[in-house]
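Asker: This is the structure I have questions about; it appears just below.
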Amino acid sequence: MADMSDPRVEAVLAYAEVCKEAAQFLEEKPDLPQELTSLPGIDLSGAVLSSANFAGVDFTGSDLSGVDLRNAVLRGAKLKKANLSRANLMNCDLSGADLIGANLSSAVLRYAKLDKANLSEANLSKADLTGSVLHDTDFTDADLTGANVTNAKIGFAELKGAKITQSQLAEGRYLYVAVAGFPQDVAQKFIMLGSARVGASDNASKNLVVELHSDGKVRIKTRIFRY
């Protein structure tokens, strides 16, 4: 549970409650108090922070395990090496967030916005990324073992060194994806397996282009834009 002996915790909970009430009445959320913009190492485990606005907040190394952050805004937040295991981040806006080395194991990220987020070396094992937006997302050396990426919108994602299986990748909906470390024939196979996921016909392979670049990356393009 959250460390209530830390005065920052009480302030965060109070702010989150105000944000939650504002969201219920469709009112504008209050600005984040200046003293809450830097919260490295804070223990908020198990706290209910849904609908709160934490854009740009520094949560480096913080314990956010089991936290309810549904519909929260964490755009550009600093979450390097933070513990977000089992956190509920459904519909959360994590665009541009720094999640390098963060623990997101078993986290719920359904329909979350993770475009331009840095998840390199992050632990996403058994995380639920169903329907999430992963455009320009960096998964370098990330662990996605057992993660659910069904219907995730994947474009320009970097997967160099990531632990993810061919069958997992086949569940995504691709606009453009850069994959390093996969042989060209394997990459072509998984994108074709996933073609039905983007509403393609049986002739979907005609809309797919698999390119092996000089940098060793396999890039897969598709002209199918239907989500």
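The values are calculated or read from the model by the stated rules, or taken from the named source; none is laboratory data. Keep in mind the model is a prediction, meaning the values are calculated, not measured. Please note: Cβ atoms are built from the backbone with ideal geometry, for glycine as well, and neighbour counts cover all protein chains shown.
Asker: If I filter region 15-40 down to residues being over 26 Å from K80 (Cβ atoms) and among the hydrophobic types (A, V, I, L, M, F, W, C), which single residue comes out as modelled with the highest pLDDT?
Answerer: Step one: of region 15-40, the residues over 26 Å from K80 (Cβ atoms) are 17-18, 20-28, 30.
Still in the list and also among the hydrophobic types (A, V, I, L, M, F, W, C): 18, 22-23, 25-26.
Working: V18: 94, A22: 91, A23: 89, F25: 85, L26: 81.
Across region 15-40, the extreme among qualifying residues is V18.
Asker: Can you tell me which condition V48 does not meet? The list is (1) of a type in the set (A, V, I, L, M); (2) under 21 Å from H135 (Cβ atoms); (3) surrounded by fewer than 21 Cβ atoms within 10 Å (Cβ to Cβ), and all the others hold.
Answerer: Tallying (1) of a type in the set (A, V, I, L, M); (2) under 21 Å from H135 (Cβ atoms); (3) surrounded by fewer than 21 Cβ atoms within 10 Å (Cβ to Cβ), V48 fails exactly one: (2).
Asker: Pull up region 103-157, narrow it to residues that are assigned to a loop (DSSP other than H, G, I, E, B) and acidic (D, E), then point me to the one that is surrounded by the fewest Cβ atoms within 10 Å (Cβ to Cβ). Steps first, answer last, please.
Answerer: Filtering region 103-157 for residues assigned to a loop (DSSP other than H, G, I, E, B) gives 104-107, 109-112, 114-117, 119-122, 124-127, 129-132, 136-137, 139-142, 144-147, 149-152.
Checking the rest, the ones that are also acidic (D, E) come to 115, 121, 136, 141.
Numbers: D115: 21, E121: 19, D136: 18, D141: 16.
My answer is D141.
Asker: Determine which member of the set D68, D31, D115 is among the acidic types (D, E), closer than 26 Å to H135 by Cα and out of contact with any Asp or Glu (no Cβ under 9 Å at 6 or more places or on another chain).
Answerer: Working: D31 fails: closer than 26 Å to H135 by Cα; D115 fails: out of contact with any Asp or Glu (no Cβ under 9 Å at 6 or more places or on another chain).
Answer to the selection: D68.
Asker: Now for a separate question. What pairs can you find where one residue is in region 31-53 and of a type in the set (D, E, K, R), the other is part of a loop (DSSP other than H, G, I, E, B), and their Cβ atoms are less than 6 Å apart, with a gap of 6+ or different chains?
Answerer: Short answer, once both residue conditions are applied: D43/A2; D43/D3.
Asker: Can I ask one more? Read through the list (1) farther than 20 Å from R70 by Cβ; (2) of a type in the set (A, V, I, L, M); (3) at pLDDT 90 or above, then give the number of the only condition that L114 fails.
Answerer: Among (1) farther than 20 Å from R70 by Cβ; (2) of a type in the set (A, V, I, L, M); (3) at pLDDT 90 or above, L114 violates only (1).
Asker: Taking region 3-44 as the region of interest, how many residues are in a loop (DSSP other than H, G, I, E, B) and surrounded by 19 or more Cβ atoms within 10 Å (Cβ to Cβ)? Let's see the steps before the verdict.
Answerer: First pass over region 3-44, keeping only residues in a loop (DSSP other than H, G, I, E, B): 3-6, 25-33, 37, 39-42, 44.
In the following step, the residues that additionally are surrounded by 19 or more Cβ atoms within 10 Å (Cβ to Cβ) were identified as 39, 42, 44.
Residues in region 3-44 being in a loop (DSSP other than H, G, I, E, B) and surrounded by 19 or more Cβ atoms within 10 Å (Cβ to Cβ): 3 in total.
Asker: Conditions: (1) farther than 19 Å from G161 by Cα; (2) of a type outside the set (S, T, N, Q); (3) in contact (Cβ under 8 Å) with a residue 40 or more places away in the chain. H135 meets all but one. Number of the miss?
Answerer: It fails just one condition, (1).
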